[in-house]
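Peer 1: Just passing along the structure, written as structure tokens.
The values are calculated or read from the model by the stated rules, or taken from the named source; none is laboratory data. Small disclaimer: the values here were computed from a predicted structure and weren't measured. Because the Cβ atoms are built from the backbone with ideal geometry, glycine has one as well, and the counts that use them run over all protein chains shown.
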Amino acid sequence: MSESAAVIIFDRKGQVLFLRRGPSDPWKPGHWNFPGGIVNPGETAIDAAVREVNEEAGIHLKRKNLHYSFTMVSQRIGHASVPVGATHIFWTKLPYTPKIRMRDGEHDAAIWGSLGSMPLPVLPGVQFVVQQTTGKPYWFGRSTNYGAEMYGRDYTIEELTVSAKAKSLGLSNEPATETHRANLKLLEKFLKSLPFEFHLNSVYRSPAVNLAVKGSSSSQHMNALAVDLTPIGMTNKELATWLWAHKDDYPELDQVMWYTDTSHNHIGICPPAAKDCVAGAPRGAFYKASKEGGPYPRWLPDEASKQEVLAMYKQTRPVRFKAVTYLAIALGLGGLGGIGYMVWKRRR
């Protein structure tokens with residue numbers, strides 16, 4: 001699956017930049033879209049967004065000024081040669097109206113318009129993004145009872161129960177009880193609230209599968225309240241540090257374990273509506289381990305590491321209500337906080 005990034009650029013007047021694909025474009029010539037393009041090998045999506053905006057519009061953006069909104073997986077986004085892909089949406093607001101200098105030859109016109117009255121025709125992906133962002137308050141942050149809109153996409157039951165071991169042994173990994181199904185929905189909502197890219201390695205395990213993989217008898221995976229995931233574009237330690245710095249935003253965190261010898265982090269949760277939490281309430285415990293199976297000494301990030309991660313990943317921090325309200329009023333979009341960063345990703 002390929003990846004791309006797109007950026008909604010607001011100027012000081014609240015206008016939005018649209019670029020028109022040239023007549024020689026192999027797919028949808030004459031259609032308007034947002035600046036953006038393919039993420040190159042070895043490049044992060046946010047770096048691709050900065051590069052593409054510079055190449056396509058001659059605007060030099062800073063990483064720290066790009067804000068992530070959500071990721072969209074589509075059958076055909078922006079390129080006929082990319083049948084399946086994920087697009088990460090960013091947004092930014094500039095204190096001026098820059099002069100557009102199209103230098104890539106891919107586009108033949110630029111216009112400053114509005115999301116409510118876009119130039120036509122637009123690419124199908126643009127329509128979807130605008131529908132999502134103008135119809136739903138993506139940037140109102142998240143609430144502890146999961147009442148707010150989330151960042152990520154919905155997950156299928158197949159993604160949340162995927163298990164190579166179960167497949168190889170012919171074991172069922174369907175949720176064993178209705179309680180497990182209900183917990184799995186809570187875990188899905190937690191995953192959707194994480195403003196990062198990641199791969200899912202292991203989520204739910206039925207008792208039979210947990211026994212086959214030699215999991216702990218008290219594993220929260222069996223209760224559908226734990227996930228092993230691999231962060232994309234950041235290290236295990238950086239993800240654990242970010243969660244520690246934002247633990248007040250995630251009071252449901254039960255255990256966070258980051259490993260030095262693997263590519264994944266283990267995250268267990270215990271939200272208010274969950275049943276069968278091991279400790280009965282979220283413990284908010286953080287651990288570091290050199291290998292699977294422990295030992296698991298308690299861990300806390302030092303202040304220098306925390307500040308470094310906050311600076312590096314400032315663009316992914318959920319935007320607060322006041323900030324969203326201010327932006328919505330300023331742009332006249334009544335609740336639209338913006339669009340951010342879209343990435344094509346496969347979750348295993």
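Peer 1: Only one of Tyr287, Tyr296 is modelled with pLDDT of 85 or more, over 23 Å from the mean Cα position of the chain (by Cα) and in a strand (DSSP E or B). Can you tell me which?
Peer 2: Being modelled with pLDDT of 85 or more, over 23 Å from the mean Cα position of the chain (by Cα) and in a strand (DSSP E or B) holds for just one of Tyr287, Tyr296, which is Tyr287.
Peer 1: If you take the residues in the stretch 210-234 that are in contact with a helix residue (DSSP H, G or I) (Cβ under 9 Å, 6 or more places away or on another chain) and of a type in the set (Ser, Thr, Tyr), which one is farthest from Lys291 (Cα to Cα)?
Peer 2: Step by step, filter the stretch 210-234, then rank; the result is Ser217.
Peer 1: While we're looking at this one, here's another question. Can you spot a residue in the stretch 238-258 that is surrounded by fewer than 17 Cβ atoms within 10 Å (Cβ to Cβ), closer than 19 Å to His199 by Cα and in contact with a strand residue (DSSP E or B) (Cβ under 7 Å, 6 or more places away or on another chain)?
Peer 2: No.
Peer 1: Restricting attention to the stretch 207-221, and to residues there that are in contact (Cβ under 8 Å) with a residue 24 or more places away in the chain and crowded, with 21+ Cβ neighbours inside 10 Å, which single residue is nearest to Asn173 (Cα to Cα)?
Peer 2: This residue is Val209.
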